Amino acid sequence: MKKDDKITIERVWAMPNKNTFKIKPIYDLINRYFDSPSVSKTCDPFVNLSPFADRCILTNDIDPDIPASSHIDAYDFLRGIDDEYCDLVVAHGGWHVDTIVTVGIKKYLEKRYLES
């Protein structure tokens, strides 16, 4: 996008999805940025199952079961990247308290089951 480009805002409805980028209008919007010639290094602090994961130079997800280049808190991940390193940071959600509790309980129960 160039400095003088006009921004057009459209209102569209799409089926919600816990994986943000599987929502077609959002996927299309972000894909335009990935296709921009000015974007060569992209980082994703909440990669989860992003369809753009393979196009990112650095990925992070706090869940160790998700394929990512690191598994740390997103804030720490972003603080560890030099200011000028990434052309685009794809920040699309993250972990809400209920998600953290759900994943934590799941991991705890799996561990207890494997130990018994």
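Neighbour counts of other C-beta atoms within 10 Å: give me Y27, Y85 arranged from fewest to most.
Y85, Y27
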Check your understanding: What FRET efficiency comes out for the pair D73/K24, r = Cβ-Cβ distance, R0 = 30 Å, nearest 0.05?
Key -> 0.50
Revision key, fill the gap. Per its Cα gyration tensor (rounded if a/c is under 1.5, else prolate when a/b beats b/c, else oblate), the range 27-75 is best filed as prolate
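So if we plug the beta-carbon distance of T8 and V39 into 1/(1 + (r/R0)^6) with R0 = 22 Å, what FRET efficiency do we get, rounded to 0.05?
0.65
Read-outs throughout are calculated quantities, based only on the coordinates presented, and are distinct from any laboratory measurement. Note that the coordinates shown come from a computational prediction; the quantities given were computed from them, not determined experimentally. Positions of Cβ are backbone-derived with ideal geometry, glycine not excepted, and every protein chain shown enters the neighbour counts.
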